[in-house]
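One structure is given here, and the rest of the page talks about it.
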Amino acid sequence: MDGVTRTIDRFDGRILGAGTGSGLRLVVGDWHRSPLGGFTDVMVATADGRRLLLAPDDAVADYVSRTYTFDEVVRCPVGLTETPTKGGRSWVVEAGPLSVRIEIGARTATGWLLAPIPGPLARSRALATLADPVARRVHPGVRTRGTAGQGRREYYGARDQHAVTRLAGTWDGADLGALADVRPAPDFGFSSTPARPSLTRVTTTVVRG
């Protein structure tokens, strides 16, 4: 034992990553259980490479900005409304300068592989470690473990995935354009979301200390 006290934080929820025709890329985190309670936050990379965090309160802003890298942190109400549709579901996200409607469709091939994995196993750091080389090969740029800000270790345990099929909205009043791949990677941290727009059910484990 090294005598160091470590804190393990787990965030259960969903991560949606999408690109746009305007060049803006966004990552929406919707967390139903975490040390900070339930919340939604948005990471945005603009066409000129600026990285912003849209956070609903000081606690979220502090924790997330210590874990990932941003050029600016914006504290603002972050709202997510989810409704069922004929082909899947729809998200409407309102967060400061961002207003966007996102359509989510069928389960992806990756989702079909992930869905049968039992929850406790899918959430484990051991599986995230074993899955890392596979994730890198299947989804270039995606990592399931690595070093985050402030010397933290982070592990992603994915449990399901669905395709994002359509997007429309505005950023600071300007049209976002049509749905596009998440390219280039926004570089918020050691891992990117898949290049193909998608919604992934995930448990994120952060080890601090």
For residue 126 and residue 185, what is the calculated FRET efficiency with R₀ set at 25 Å and r taken between the beta-carbons, to the nearest 0.05? 0.40
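What does the extension gain come out to for residue 196 and residue 65, with contour length at 0.36 nm per residue minus their alpha carbon separation? Can you show the working numbers first?
Details: separation 131, 0.36 × 131 = 47.16 nm, distance 2.52 nm.
That pair, residue 196 and residue 65, stretches by 44.6 nm at full extension.
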Dipole of the chain, Cα-centred, from +1 at each Lys and Arg C-beta and -1 at each Asp and Glu C-beta, to the nearest 20 debye? 860 debye
Ignoring ligands and nucleic acids, residue 28 exposes an accessible area, probe 1.4 Å, in Å² to the nearest 10, of 0 Å²
Of the options 147, 177, 121, report the single residue whose Cα projects farthest towards the positive end of the charge dipole of the range 84-177 (beta-carbon charges: Lys, Arg +1; Asp, Glu -1). 121
Placing one identical point scatterer on every Cα of the chain and ignoring solvent, what is log10 I(q)/I(0) from the Debye formula at q = 0.10, 0.15 Å⁻¹? -0.40, -0.94
What's the FRET efficiency of residue 113 with residue 7 using the Cβ-Cβ distance as r and R₀ = 35 Å, to the nearest 0.05? 0.65
Just name one of 46, 63, 23: the one whose Cα is farthest towards the positive end of the charge dipole of the range 1-67 (beta-carbon charges, Lys/Arg +1, Asp/Glu -1). 23
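Need the full-extension length gain, residue 150 to residue 72, defined as separation in residues times 0.36 nm minus the C-alpha distance. One decimal, nm.
Numbers: separation 78, 0.36 × 78 = 28.08 nm, distance 1.74 nm.
Once the chain is fully extended between residue 150 and residue 72, it gains 26.3 nm.
Taking every pair of distinct Cα atoms and averaging 1/r, then inverting, what Kirkwood hydrodynamic radius in Å comes out for the range 139-194? Don't skip to the end; give the middle numbers.
Working: mean 1/r = 0.0726 Å⁻¹.
After inverting the mean inverse Cα-Cα distance, the result is 13.8 Å.
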With θ taken as phi - 60° and the coefficients 6.51, -1.76 and 1.60, list the Karplus ³J(HN,Hα) couplings across the range 17-33 in order, rounded to whole Hz; mark glycine and proline as x. x, 8, x, 9, x, 7, x, 6, 10, 9, 10, 9, x, 10, 10, 8, 8
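Using a 1.4 Å probe on the protein heavy atoms, what percent of the accessible area of the range 1-101 belongs to carbon and sulfur?
Working: 2360 of 4770 Å².
Whole-percent figure for carbon plus sulfur exposure: 49.
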Rolling a 1.4 Å sphere over the protein heavy atoms, what is the accessible area per residue of the range 52-209, to the nearest Å²? 50 Å²
Take the Cα atoms of the range 95-187, build their convex hull, and give its volume per residue in Å³. 141 Å³
Roughly how many whole Å is it from the C-alpha centroid of the range 18-44 to that of the range 123-139? 22 Å
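Quick one: order 127, 167 from most to least accessible surface, probe 1.4 Å. Write down the numbers at each step before the final one.
On the way: 127 50, 167 10 Å².
Ranking 127, 167 by accessible area, largest first, yields 127, 167.
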Solvent-accessible area of residue 123 with every protein chain in place, 1.4 Å probe, in Å² to the nearest 10: 70 Å²
Determine how large the accessible area of residue 130 is when every protein chain is in place; take a 1.4 Å probe and give Å² rounded to the nearest 10. 130 Å²
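The values are calculated or read from the model by the stated rules, or taken from the named source; none is laboratory data. Treat the numbers as computed from the prediction; the structure is a model and nothing was measured. Quick reminder, even Gly has a Cβ in these numbers, built from the backbone with ideal geometry, and neighbours come from all protein chains shown. Calculation scope for accessible area: heavy atoms of the full protein, side chains included, ligands and nucleic acids excluded. Shrake-Rupley method; radii C 1.70, N 1.55, O 1.52, S 1.80 Å.
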